[in-house]
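Worksheet: the structure to be examined is printed underneath.
None of the figures in this text is laboratory data; all of them are computed from the coordinates on show. Since this is a predicted model, take the numbers as computed values, not measurements. Note that each Cβ is placed from the backbone with ideal geometry, even for glycine, and that neighbours are counted across all protein chains shown.
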Amino acid sequence: MKLIIDTNIIFSGLIKKSITREILLSPNFEFYTPDFYNIELNKYKSYILTKFNGTEEELDELIKILHEKIIIVVENEYSDEMEKAESIIGKIDPKDIPFIALALSIENEGIWTRDDHFTKQSEIKIYSTSDLISIYNEKKKQELESEKN
């Protein structure tokens, strides 16, 4: 399953060992995020570290592991869709324009986010964490059943 992932989901996966982190590391999903994420990570890394149960080196290692799994897409790959994305979500939250633009520019099944304001638009399918947990658990169940057969 190919999804655009909001920064808040990545940060949640970094902060604590959780189902969110498990899903982020699952081979059943392919995640993409706009390069705007790098700015956000640099801005909030010290805050994440205060919530992270480990050392800065351990956090850096986890970031490295996640970055092997999450494809960070440079702006020129989705810039053609920025104007349309602005018309979709610009009035709701301008910071989310790159996520919508990325969703419009590559093949994907939607955006995984915790931000409710994404649901105020209808162009892109939005997945909540509970949606992803259900999908993840179903995929795990299917894998176990196929291993039995």
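Side notes on the structure shown:
- With 0.36 nm allotted per residue and the present C-alpha distance subtracted, the residue 69-residue 133 stretch has 21.3 nm of extension available.
- Virtual spin-label span in nm between residue 148 and residue 51, 7 Å along Cα→Cβ: 3.8 nm
- In this label model, residue 58 and residue 116 are separated by 3.4 nm, measuring between points 7 Å along each Cα→Cβ vector.
- Rg followed by Dmax, in Å, when the chain is reduced to its Cα trace: 15.9, 52
- The modelled label-to-label distance between residue 43 and residue 22, using points 7 Å beyond Cα along the C-beta direction, is 3.2 nm.
- The Cα-based radius of gyration and maximum Cα-Cα distance (Dmax) for region 34-117 are 14.7, 42 Å.
- In the chain, helices alone account for a calculated mean residue ellipticity at 222 nm of -17000 deg cm²/dmol, with every DSSP H run of four or more residues adding -39,500 (n - 2.57).
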